[in-house]
Amino acid sequence: MRSQEGPPFYLAFIWLVYMIYPVASLVGRPVNEMIPGFLLVVFFSVIYIFSFFNAKRRILSILLQILIVGFFVFRYDENFLYMAFYPSPLIGMLKSRKQIVGSIIALLTLFAFTSWKYEMFTNTIELIQLIPAMLVMLGMPFIIRAGQRSNELKRKLNLANEEIAHLSKNEERQRISRDLHDTLGHTLSLITLKSELAEKLMIKNPERAAQEVKDIQTTSRAALKQLRELVSGMNAVTVRDEITHAKQILAAAGIVLEVKGDMDNGVMTPLVDNIMGMCLREAVTNVVKHSKASGCAIEWKGEAGSYILKVMDKGSGVDVDSCNGDVSKNGLNGMRERLKLVDGELQFESVIDQGTTVTFKVPNVNRAIEAGR
């Protein structure tokens, strides 16, 4: 079976056209020289074709071709040296470096033998005529080798691009899943809370219940807008907006919110602001769904070299080990994946019956650069 490396197989037949020159050199010679020469040319051509098929025995084919060329040079004349153009490119198709070096040494030996046999070192004209051909023969293995490496790199690059495309699709699916969970999950939780509150107030306080129903309508319209923005890829969440939303959803759940820190202390890039805002939304949603807390605090710090955002609730707390493993319950994995995009990190601390603290920390690249100047 033919090896897939190297030039296409049809080139082997095309180059055999040039075997007409050694055949022409044999024509007109005595029969005892011409017939063995013709047979040896045929044998040489068969070996040359065979070397394209069998990669394992290619080194033997190359050495045998060089040996045959040496015989022609020794038996007839120095012009048969040009037959070495046939094994020359095959050397570049060898796998082993030792085989390549050995074949090149054999080729150099052939050149040295020809130069010695016909005293080319003392014949400047003949030496000048053969040197370019010798250099081409010695250069062809390296050219073929470089072409093989280039093709191999292209093949690996194509495979890498296919893998990147595959991973990008998976990442995009995960991103859409996280955005749907974080965006619509937050809004639907608010609608659920307000609808439950309206149901309780329908008899006791109809006016308040009517107001809650209007809020539900407003929130549902906002949810539709968020969905449209999400589909169009224009959903730009910010920490400031999410703090405002947090006040609404926590108030609806009967949880007192305390905001600490100065949001003006540090200006985040839009990407960092978006990621921190989405993480804040998820954390607040978890407080409403799971904490059973009476109070919650959001603390913002813009320290040198980093931004820190904390969400602290005074709730029932959870077992940290079990919570870290239950992604569907608390969304910690989704938040961590978001933060990785900006080299951020998440810290989760919780004590049973005392509450939970989620800390988001993202490096401030601008300040880090200024500090390094």
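The values are calculated or read from the model by the stated rules, or taken from the named source; none is laboratory data. Since the model is a prediction, treat every value here as computed from it, not as a measurement. Cβ sites come from the backbone with ideal geometry, for glycine too, and all protein chains shown count toward neighbours. Heads up: the accessible areas ignore ligands, DNA and RNA and are worked out on the full protein's heavy atoms, side chains in. Shrake-Rupley method; radii C 1.70, N 1.55, O 1.52, S 1.80 Å.
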TODO: Mind ranking K56, K340 by accessible surface for me, highest first, 1.4 Å probe?
DONE: K56, K340
- [ ] Taking H placed 1.01 Å from N in the peptide plane, check which residues at least 5 places from S306 or on another chain put their amide H under 5 Å from its amide H.
- [x] N364
TODO: May I ask you to evaluate 6.51 cos²θ - 1.76 cosθ + 1.60, the Karplus curve with θ = phi - 60°, for each residue of segment 293-301 and list the ³J(HN,Hα) values in order in whole Hz, giving x for glycine and proline?
DONE: 8, 9, x, 8, 10, 10, 10, 10, 9
Task: For segment 5-120: rounded, prolate or oblate by the Cα gyration tensor [a/c cutoff 1.5] - done: oblate
Open item on the list: Which order do you get for E152, E119, E212 if you rank them by accessible area with a 1.4 Å probe, largest at the top?
Closed with: E119, E152, E212
Task: Entries in K194/K340; K247/K361; K156/K340; K204/K260 that, when Cα-Cα distance is taken, lie over 25 Å - done: K194/K340; K156/K340; K204/K260
- [ ] Provide the packing ranking of 83-92, 69-78, i.e. peptides ordered by the mean count of other C-beta atoms within 10 Å per residue, highest first.
- [x] 83-92, 69-78
Task: Accessible area of R145 in the full protein assembly, 1.4 Å probe (Å², nearest 10) - done: 60 Å²
- [ ] Name the lysines eligible as straight-distance cross-link partners of K98: C-alpha to C-alpha under 20 Å, and not fewer than 8 places from it in the same chain.
- [x] K56
TODO: Mind listing the long-range amide H neighbours of G295? Cut-off is under 5 Å, sequence gap 5 or more, other chains count too, H placed in the peptide plane at 1.01 Å from N.
DONE: V256, K314
